[in-house]
Structures are given as C-alpha cells and as structure tokens.
Amino acid sequence: MTLPDHTRTAVARPLAAALSPSRSVLDNGVSVVVRETHKTAAATISLAMRSGSACDPPHAEGATHLLSRLLDRGTTRHSADQLAESLESRGVSLVTTVSRHQVSMACTCLSEDFAHVLAVLGEMLIEATFPDAELVTRRSEVLTAIAQDRDSPYVMAHDELLGLLYGPGHPYGRPAKGTPETVAQLTRNELLGLHDERFAPSELSLVVVGEVDRDRVMAEAARVLGAWRAVRPAPVSLAHPDSRSARQRRVIPMPGKAQVDIAYGFTAIARSDPEYYACWLMNNVFGQYAIGGRLGDSIRERQGMAYYVSSSLEAGLVEGPLVIRAGVSPANVERTIASIDHEVRRMRTDGITEQELTESRQYLVGSMPRTLETNEGIAAFLQNAEFFGLGLDYDARLPQLLGDVTRDDVNAAARRLLDPDRATITVAGPQG
C-alpha cells in the first residue's frame, strides 16, 4: 500500500536549509568535514577514530575503554596537568566516549581558540603516553564503574541480553568496559601496542561545526594532523550473529533491589541493509513515538505496570540489536513480559496502521531540526553520516528516504524482526 500523493509529498519535502557541509581528505587519509555556522562565535570540534571496543584484543576486554580514559593524561610533550590547564583556561570541557566502533573526542570552544584547541586534541590523540601513575588511577576508576554497573539491574539486564544474543566472543556481546579480571591485568605496554596498532590517520575523521572558515579548518587540520604517518590497520572481523530459533530466558538474582529491570530483544539489522528505514519506522511506532509508542501506551499508560518501557533499534556494521526495556515492581514481572509478548505478536501479525505510519514519519522528519539546532548536534550527525558513508547530503535526502517507505515495507520489517517465540529475555532484580 502506498500513501496518497499529497501525503507522500508532504513528508518527503527536503529540510528548509540543508547542512551542505564540505569534505576533504588529507594526504595521509584523515577525512575533514566542515560546516560553517554563524549563530555564535564558537566552534565544535569532533574527532572520531574508527577503533572502538570491537578492536579489543582477545582476552583483553575493556582495553580500548581504558585507553580512551588515558588520552588526556599525558603526551610526549605535556603532562596531564598541563593538558588540562590548556583547555580549562579557555573554558573548554572535553568529552571522550567509546562505542563498539569508535573512540570519540569532542568539545566546543571560542572560534578564536580553535587552532589552539585542535592542536591540543591532536596531540592527545596521536602522542598519548599512558603514564604508569595515571594508568593506576584510571584503572581504579574503571573498576569502580564496573562494580557500579554490576550493582545496577538496568545495566545487568541489558549486558546479559547482549551476551545471550551474540555470545561472549562477539564484540557486540561484550561489555565495553571489560571485566574486573581483564581490566586488572592490562599493562601500559599493551595499551601502547593497541594504540600503535589501531590508531592511524586513515581511521580518523575530523568534523568542525561553527563560526570558523573552511579554509582555516583545512590549514589547521593539515598542520596538526597532516604529518602523522601510521599503517592502516587490518579491518576488524565481525561475524554475523546466529538467528535464534527458540525462546530463551535468564534471571539475574539481585537481592535487596526495589525494582526489576527487563530486557527483551532480538538481533535485528545492519545499518547498510536497504530495509533499515522501514525497520526504523516500525520501531518508532512500536516503542518510541509519543510516550513510548505502542509499548508505552499499553504497558505504562493503560495498564500502569511499568515505571518505564520503550524499545531501541541499534543498527551496526553487522546486525545490531532491537531491545525492549522495562522497569517494573517484582509483582508485575510476568504480566509485563506477557504484555510485551502480546504487543510483539500484534505488531508481527497485524502490522501498523496508515495513520501510525504517517504520524511516525512526520515525527522523525519533524524532529531533525531540533537535532540539528546546535553545533554539537550537527557535529554528531555528520560524524554518524561519515562513519556509515551516508553522504554529505544525507540530511536533505532523509525525508525522501522515509517518504518512500510504504506500510507494506514496515509490516514486512515487523515480520522479519519480531517473533515472541524467538525472543531472548533477561530479568534482573530482587525477583530472582
């Protein structure tokens, strides 16, 4: 079934002002994406290295996460205190994050400080030395964070679910922070070796958004990053996860907790799959739109059984997970799981309505201007587009990509992804 022409035109209209960024590649392979804005005299700098937790060596889970925590703790030229002072004196707060596939560093600075701040970030990224004293401190902090995760039903349910879906040997099934055992054994030489092996200009993308001239960005990028030479690392081998043929459930007993957290999910879809946009729309109807989509309307609003309930779709380089999350009292665990089963089955068999498709599509297109209203939001959007090779005009094409999806496409996606008889379920909390 297709939408009437007037409806398709309304939702497929390009955004009023496309981002239209520029992109160049330095001689050593660093990609540089620039979007000039003139809202404030500031610039957001985002550096993303394609070397996330999926690159952790065997039996060294958490190595990339620990490495990321040490990038600002000393280089060949400056101490941790000197690096901190060089940013803090300019009011700059650095945020470093690790995903399965990237280590990212991002901050916002005054336009006049752009060159200085980029030089500091480049030095951290390329010349980090991981001093032993700093390693001891950061390792202790990571071990504390892991202990906190293991005391959280929310985290435990999610991590256990991914471990069951992908297996402990798959990068998507391992906790990014590692385990107490693996983190405790990591040495400075191992981190230096991992940095030398995985950090290379061919894997780096720099995105700059703000009141800074494109030619100036290119000149400073060449000055700071252009002389860097390192061998392109071998690609990480990611196996396609096995499709589950039967339902499975695991309980993680956590006595003394007041709430039970439920994670219910499937291996779903890769970002490059042509059906991604249909799956995205399906998930939005199912567990995102309005107050949690169908799941929220049924389980939280009408039945009053959950403190929260939603679903998320994380498409990766291989099939990422579709995960339904709910927090409930111990007395409502079985009723909540039964209600999730009912909504999964209903979505699979009946599909969505034409109205749900239209409203969900309009919501996703309409939310883009909010996503892109800040320099930070634009930088994150462009980094994602760069990583997945979506193109410089992705923001302009996205309304059309969503507008081309029909109700039949979405319902086919639901039948492909959702089946309560193949669901994996984890329950963490006092019930066990």
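The values are calculated or read from the model by the stated rules, or taken from the named source; none is laboratory data. Note that this is a predicted model, so its numbers are computed, not measured. Glycine also receives a Cβ, built like all others from the backbone with ideal geometry; neighbour counts cover every protein chain displayed.
Below is a table of values for the structure above.
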quantity	calculated
All positions within region 22-36 that are among the charged types (D, E, K, R) and surrounded by 14 or more Cβ atoms within 10 Å (Cβ to Cβ)	Arg23, Arg35, Glu36
Filter result for Met254 (within 12 Å of Val30 (Cα to Cα) and among the aliphatic types (A, V, I, L, M))	no
Count of region 131-160 residues which are touching an Asp or Glu at 6+ places or on another chain (Cβ under 7 Å) and surrounded by fewer than 21 Cβ atoms within 10 Å (Cβ to Cβ)	2
Top-ranked residue in region 288-300 [being in a helix (DSSP H, G or I) and under 16 Å from Thr358 (Cα atoms); ranked as modelled with the lowest pLDDT]	Ala290
Leading residue by the ranking (farthest from Gly391 (Cα to Cα)) among those in region 207-240 that are of a type in the set (A, V, I, L, M) and part of a helix (DSSP H, G or I)	Val224
In region 259-277, residue surrounded by the most Cβ atoms within 10 Å (Cβ to Cβ) [restricted to those that are out of contact with any Gly (no Cβ under 8 Å at 6 or more places or on another chain) and assigned to a loop (DSSP other than H, G, I, E, B)]	Glu275
Residue within region 112-130 that is touching a His at 6+ places or on another chain (Cβ under 6 Å), surrounded by fewer than 20 Cβ atoms within 10 Å (Cβ to Cβ) and touching a residue at least 12 places away in the same chain (Cβ under 8 Å) present	no
From Val410, Val405, residue being more than 26 Å from Leu162 (Cα to Cα), among the β-branched types (Val, Ile, Thr) and in contact (Cβ under 8 Å) with a residue 24 or more places away in the chain	Val405
Count of residues meeting criterion [more than 22 Å from the chain's Cα centre (by Cα) and surrounded by fewer than 18 Cβ atoms within 10 Å (Cβ to Cβ)] in region 37-65	7
Of all residues in region 86-102 being in contact (Cβ under 8 Å) with a residue 60 or more places away in the chain and within 17 Å of Leu206 (Cα to Cα), the one that is surrounded by the most Cβ atoms within 10 Å (Cβ to Cβ)	Gln102
Set Tyr307, Tyr363: member being out of contact with any Cys (no Cβ under 8 Å at 6 or more places or on another chain) and in a strand (DSSP E or B)	Tyr307
Top-ranked residue in region 38-50 [being touching an Asp or Glu at 6+ places or on another chain (Cβ under 7 Å) and at pLDDT 95 or above; ranked as farthest from Val217 (Cα to Cα)]	Arg50
Members of region 320-342 found to be buried (at least 23 other Cβ atoms within 10 Å of the Cβ) and in a helix (DSSP H, G or I), listed by number	Thr336, Ile340
The listed residue being within 24 Å of Ala385 (Cα to Cα) and either touching an Asp or Glu at 6+ places or on another chain (Cβ under 6 Å) or at pLDDT 95 or above (or both), out of Ser31, Ser86	Ser31
Pair list, Cβ under 7 Å, 6 or more apart: region 15-27 residue within 15 Å of Arg216 (Cα to Cα), other residue modelled with pLDDT under 90 and loosely packed, with under 14 Cβ neighbours inside 10 Å	none
Matching residues in region 191-246 - criterion: being of a type in the set (D, E, K, R), surrounded by 14 or more Cβ atoms within 10 Å (Cβ to Cβ) and farther than 22 Å from Val33 by Cα	Glu197, Arg244
Whichever residue in region 356-410 is of a type in the set (D, E, K, R) and buried (at least 21 other Cβ atoms within 10 Å of the Cβ) and, among such residues, is nearest to Ala290 (Cα to Cα)	Arg361
